[in-house]
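Some notes on the structure that comes next.
Each reported figure results from applying straightforward, stated rules to the coordinates on display, with no laboratory input. From a predicted model like this one, the values you see are computed outputs, not experimental measurements. Counting neighbours? That spans all protein chains shown, and the Cβs are built from the backbone with ideal geometry, glycine included.
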Amino acid sequence: MTTATRFTSYVALGDSFTEGMCDDLLPDGHYRGWADRLAEALAREVAPADFRYANLAVRGKLIGQISAEQLDPAVALGGELVTLAGGLNDVLRPGCEIDRVEARLGEAVERLLATGATVVLFTSTDPTRRMAGSARLMPAIRRLRAFVERLGEHPRVAVVDLFTATVFDDRRLWAEDRLHLSPEGHRRVAEAVRQALGREAAFDWRAPLPPAAPVGRLARVGADLHWLRVHVGPWLVRRLTGRSSGDGRPPKRAELTPYQP
């Protein structure tokens, strides 16, 4: 997609990636996130009072839950621009039914396009270049990537290709839990979406960060043990008990309202 259409309404759908987990905290206690950053940039292109933004994303949601809980409200809101990121939480779980993931994602995109919206989709980053033990996920990740790219052949679908962006191999773009983006990661995704929508580049979001200070082996081992204890352990407990970090959590912006940075 190369045409830089100006939008006056934007609806974001998805999971923790779009909710903004691990970005800077806002005064109301929500995370900022790349979608908020994108909304701020788009609002500057029009009269700010005329720009409205909703974010229906909730952490932990699977693509079936996104479809069941967020799609109808999004269609009713009728945003001119819709971003949809989902399916990675499904892929992370053993026994992922990738056929079902593709079906739900494809149905959601079809319904959103029927409203006349421009839709932005995402390919996952490649986890094998930064996380040990993630190679088992690659068949599903590669298949979902190919499916998203096929959806991107529609003239009103833009795809943000994070898979080939090797800058996301840098741990500084990730939070301590290694699953969610850091503020710098969110900043770069927001810019990636802007450019996918045909905007002139504000900066090269794919550019590598300056070299990091070397980290000793003992420090790396200590960080890995801390990660396993503080982040992986609780995540496994939730999986075993059938709970999600998003259970009972409402979206942070359920209505299309003027966006105030």
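Highest mean first, the peptides 179-186, 52-59 sorted by other C-beta atoms within 10 Å per residue fall in the order 52-59, 179-186.
Stretching residue 202 away from residue 177 to a fully extended chain increases their span by 6.1 nm, per 0.36 nm per residue minus the current alpha-carbon distance. Which of [x] 31, 24, 17; [y] 28, 21, 19; [z] 48, 19, 14 is the computed semi-axes √(5λ) of the Cα gyration tensor in Å for the structure on display? Correct label, based on the coordinates given: [y]. In this structure the amide hydrogen of residue 9, modeled in the peptide plane, comes within under 5 Å of the amide hydrogens of 52, 80, 81, none closer than 5 places in sequence on its chain. Any idea which of 211, 14, 162 is furthest toward the positive side of the dipole for the chain, if Lys and Arg beta-carbons carry +1 and Asp and Glu beta-carbons -1? Sorting the options by dipole projection puts first 211. Rounded to the nearest 5, what is the percent of antiparallel bridges among the DSSP beta bridges in the chain? Antiparallel bridges make up about 25 percent of those DSSP assigns within the chain. Using θ = phi - 60° in the Karplus curve 6.51 cos²θ - 1.76 cosθ + 1.60, the 3J(HN,Hα) couplings for the stretch 76-84 round to 5, 5, x, x, 5, 10, 10, 9, 9 Hz; x is entered for Gly and Pro. Distance from the Cα centroid of the stretch 162-215 to that of the stretch 62-107 is 24 Å (rounded to whole angstrom). Can you run phi through the Karplus equation (6.51, -1.76, 1.60; θ = phi - 60°) for the stretch 41-52 and list ³J(HN,Hα) in whole Hz, with x for Gly and Pro? Working through the residues one at a time gives 5, 5, 5, 6, 7, 10, 5, x, 5, 8, 9, 10 Hz.
What the Cβ-Cβ distance of residue 136 and residue 46 gives, at R0 = 51 Å and to the nearest 0.05, is a FRET efficiency of 0.65. Annotation: peptides 139-147, 77-85, ranked by per-residue average of other Cβ atoms within 10 Å with the highest first, follow the order 77-85, 139-147.
Residues whose amide H comes within less than 5 Å of that of residue 180, counting only those at least five positions distant or on another chain, are 175 (H built at 1.01 Å from N in the peptide plane).
Helical content of the chain, expressed as a calculated mean residue ellipticity at 222 nm, amounts to -11500 deg cm²/dmol (DSSP H runs of 4 or more residues, -39,500 (n - 2.57) each, divided by residue number, nearest 500). Taking 0.36 nm per residue of separation and subtracting the Cα-Cα distance, full extension of the segment from residue 72 to residue 128 would add 16.7 nm. Over the stretch 9-212, Cα pairs under 8 Å with separation of 6+ residues give a relative contact order of 22 percent. For residue 111 and residue 260, a Förster radius of 30 Å and the Cβ-Cβ distance give a FRET efficiency of 0.50, rounded to the nearest 0.05.
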